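Chemist: Got a structure for you, questions after.
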Amino acid sequence: MNEACPRCGARYPAGRLGACPLCLLGAEVPPALLGESLELLEEIGHGGMGTVYRARHRRLDRIVAVKFLPQETAALPDFQKRLEREARALARLDHPNVVAVHDLGREGDAPYIVMEYVDGRPLSELLPLPAPRALETVLQVAAALACAHRAGIVHRDVKPENVLVDAQGRVKVADFGIARLLEPEDEWRVTSAHGVLGTPRYMAPEALAGAPPDPRMDVYSLGVLLQETLTGRAAGSAEDLPAELRAIVARATARDPKERYASAGEMARDLAAAQAGAGALPSDERQWLWAAALLQTLAVAVGLWAFVVSVTPKVLAPGDVQPLIMIGAEGLANGRVVSRARFEIGPTLATLGMAALALAGQGLLRRHWREAGLDAPTPETPVKESRRVLGLGLVAVALYGLRRGLEALGVSWGMTYVPLLGGGIEVATLFCVWVAILQAWRSSRPLLRERALWLGLGLALVPPTTDLLEYLLHWKP
């Protein structure tokens, strides 16, 4: 026998349900609350050391991550201490590449940590990476571990699953849950009664044997991580790596701890040196870079030509004066008209056409770099092409000074060819400027930090700007 819902009219089996199933499905389910301010939204991670939820902190109105111990181990004192140790270890670390801890709490018998929420994916889902991006990623992990080592903390579980990467390529090292503090008398130091903790294929031989914590254990894991980030394989031969990276992996993963890097910071220095070489484009890719820079140079050159044509005074016949594009034309005694500046339609349209081609070329090149993994984020490394711009700017100013000096001495020989030489230097400077700008975009280097670039461009613009101003000020019909 069926009953009818008095609210929606739907019929359902009598006696089996106490309420209409359609109304229940449509009802709003109150959010799961943790304390008074944390609203759990969804589970985003689950592993041997706990379950992680995305949550909203109501008071602060921000998204956070909440980590609980596994239910089957939450009641064990050893595991509860391990969770508290993770919170305290992370709280001691203040570094942009370490997941920040906001709070430590307990809901009934379930302790939890409130952490920074990272909107990204684990590195394990992105492997393998091209060499420039791989080196930048591992360098950020090394920086996080170096900070931890300075604070007396060994991570002991460095692996791709514990490295989070956001959409901008920023790295956050997470899960210090099995970290052990280096200080022998530290009250947080807990020895597991359940055997060795960690992921065996990333662990140093002495860590597998239960040796005391040492930063070189993390160095070993970092070497395995580097190889896997480059090749997609944590184990196996590293012969297919470039020689300098093969040497770094070999030293980091040496079986004898004494033969490894003493710390992640020391390893990071060699990684940074290798990154400078790995960030260089292959020869065929450099040709596409130069083609795009040449297109940008042509667009700027056409724009400058349009500007010069527009501001160069002209003497015109009365019938050649055009409305709208010439305002304030001056009449001469012989009936002709002087136009000191006007809107030149042809050159302006040519400029717009070249600008469209240049933008298209730039967009295609940058998309190709992104898809081919040729972006090499190294914002702290100056762009070497900027020094070439500075050198050309100094040459341009020196040539201009030489020309002025020879004119003052009355030397006219060869002056006819100076504009050709000077123009060539200006075009070369523009080309190098665009090469430097494209390289800065590829390496995420802020252009405002490239002082050599802007100084060189400013010096290169001194001769043509000075000559144009002098011409306009002294021009007479």
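The values are calculated or read from the model by the stated rules, or taken from the named source; none is laboratory data. Fair warning: this is a prediction, and the values are worked out from it, not measured in the lab. Cβ coordinates were reconstructed from backbone atoms using ideal geometry, including for glycine residues, and neighbour counts include every protein chain displayed.
Chemist: Answer yes or no as to whether residue 300 is out of contact with any strand residue (DSSP E or B) (no Cβ under 8 Å at 6 or more places or on another chain) and over 17 Å from residue 442 (Cβ atoms).
Modeler: Working: out of contact with any strand residue (DSSP E or B) (no Cβ under 8 Å at 6 or more places or on another chain): yes; over 17 Å from residue 442 (Cβ atoms): yes.
It is true that residue 300 is out of contact with any strand residue (DSSP E or B) (no Cβ under 8 Å at 6 or more places or on another chain) and over 17 Å from residue 442 (Cβ atoms).
For every residue, the table says whether it meets (1) in contact (Cβ under 8 Å) with a residue 40 or more places away in the chain; (2) within 24 Å of the chain's Cα centre (by Cα).
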site	(1), (2)
273	no, yes
294	yes, no
303	yes, no
321	no, no
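Chemist: While we're looking at this one, here's another question. Restricting segment 423-451 to residues that are in a helix (DSSP H, G or I) and polar (S, T, N, Q), which is nearest to the chain's Cα centre (by Cα)? Break it down into steps so the answer makes sense when it comes.
Modeler: Our first condition is that a residue be in a helix (DSSP H, G or I); within segment 423-451, this holds for 423-442, 447-449, 451.
Of the ones still in play, those that are also polar (S, T, N, Q) are 429, 439.
Working: 429: 28, 439: 13 Å.
Only one residue tops the list, namely 439.
Chemist: Here is a check on your reading of the model: is residue 394 at pLDDT 85 or above, farther than 30 Å from residue 231 by Cα, assigned to a helix (DSSP H, G or I) and among the aliphatic types (A, V, I, L, M)?
Modeler: Values: at pLDDT 85 or above: yes; farther than 30 Å from residue 231 by Cα: yes; assigned to a helix (DSSP H, G or I): yes; among the aliphatic types (A, V, I, L, M): yes.
Here the answer is yes, as residue 394 does meet what is asked.
Chemist: Further question: Would you confirm, using the coordinates I've provided, whether residue 457 is under 25 Å from residue 401 (Cβ atoms), assigned to a helix (DSSP H, G or I) and within 22 Å of the chain's Cα centre (by Cα)?
Modeler: Working: under 25 Å from residue 401 (Cβ atoms): yes; assigned to a helix (DSSP H, G or I): yes; within 22 Å of the chain's Cα centre (by Cα): no.
For residue 457, the condition - under 25 Å from residue 401 (Cβ atoms), assigned to a helix (DSSP H, G or I) and within 22 Å of the chain's Cα centre (by Cα) - is not met.
Chemist: Let me ask you something else. Does segment 346-358 include one or more residues that are touching a residue at least 60 places away in the same chain (Cβ under 8 Å) and assigned by TED's automatic domain parsing to the domain that holds residue 290? Full working, then the answer.
Modeler: As a first pass, look at segment 346-358 and keep what is touching a residue at least 60 places away in the same chain (Cβ under 8 Å): 357-358.
Cutting the leftovers down to assigned by TED's automatic domain parsing to the domain that holds residue 290 gives us 357-358.
Yes, some residue in segment 346-358 is touching a residue at least 60 places away in the same chain (Cβ under 8 Å) and assigned by TED's automatic domain parsing to the domain that holds residue 290.
Chemist: Now for a separate question. What residue, of 389, 337, is touching a helix residue (DSSP H, G or I) at 6+ places or on another chain (Cβ under 8 Å) and under 19 Å from residue 289 (Cβ atoms)?
Modeler: Working: 337 fails: under 19 Å from residue 289 (Cβ atoms).
Matching residue, one of 389, 337: 389.
Chemist: Return the residue satisfying two criteria in turn: it lies in segment 402-422 and is among the β-branched types (Val, Ile, Thr) and part of a helix (DSSP H, G or I), and of such residues it is surrounded by the most Cβ atoms within 10 Å (Cβ to Cβ).
Modeler: The first filter runs over segment 402-422 and keeps only residues among the β-branched types (Val, Ile, Thr), leaving 411, 416, 418.
Filter once more, keeping what is part of a helix (DSSP H, G or I): 416, 418.
Numbers: 416: 8, 418: 16.
So, considering only residues that are among the β-branched types (Val, Ile, Thr) and part of a helix (DSSP H, G or I), the one surrounded by the most Cβ atoms within 10 Å (Cβ to Cβ) is 418.
Chemist: Another question, then. Which condition number does residue 356 fail, the rest of (1) surrounded by 11 or more Cβ atoms within 10 Å (Cβ to Cβ); (2) among the small types (Gly, Ala, Ser); (3) touching a Pro at 6+ places or on another chain (Cβ under 9 Å) being met?
Modeler: (3)
Chemist: On to the next question. Confirm whether residue 183 is assigned by TED's automatic domain parsing to the domain that holds residue 220, at pLDDT below 85, surrounded by fewer than 18 Cβ atoms within 10 Å (Cβ to Cβ) and more than 30 Å from residue 274 (Cβ to Cβ).
Modeler: Details: assigned by TED's automatic domain parsing to the domain that holds residue 220: yes; at pLDDT below 85: yes; surrounded by fewer than 18 Cβ atoms within 10 Å (Cβ to Cβ): yes; more than 30 Å from residue 274 (Cβ to Cβ): yes.
So residue 183 passes the test.
Chemist: Is it the case that segment 301-308 has a residue that's surrounded by 13 or more Cβ atoms within 10 Å (Cβ to Cβ) and in a loop (DSSP other than H, G, I, E, B)?
Modeler: Of all residues in segment 301-308, those surrounded by 13 or more Cβ atoms within 10 Å (Cβ to Cβ) come to 301-308.
Retained after the next criterion (residues that are in a loop (DSSP other than H, G, I, E, B)): none.
So far as segment 301-308 goes, no, none of its residues is surrounded by 13 or more Cβ atoms within 10 Å (Cβ to Cβ) and in a loop (DSSP other than H, G, I, E, B).
Chemist: Next question. I'd like the residue in segment 323-341 that is small (Gly, Ala, Ser) and either surrounded by 15 or more Cβ atoms within 10 Å (Cβ to Cβ) or assigned to a loop (DSSP other than H, G, I, E, B) (or both) and, out of all such residues, is nearest to the chain's Cα centre (by Cα). If you could, list the steps in order and put the result at the bottom.
Modeler: Within segment 323-341, the subset small (Gly, Ala, Ser) is 328-329, 331, 333, 335, 339, 341.
From the residues that got through so far, the ones that are either surrounded by 15 or more Cβ atoms within 10 Å (Cβ to Cβ) or assigned to a loop (DSSP other than H, G, I, E, B) (or both) too are 328-329, 333, 335, 339, 341.
Working: 328: 52, 329: 53, 333: 65, 335: 64, 339: 51, 341: 45 Å.
Among those that are small (Gly, Ala, Ser) and either surrounded by 15 or more Cβ atoms within 10 Å (Cβ to Cβ) or assigned to a loop (DSSP other than H, G, I, E, B) (or both), it is 341.
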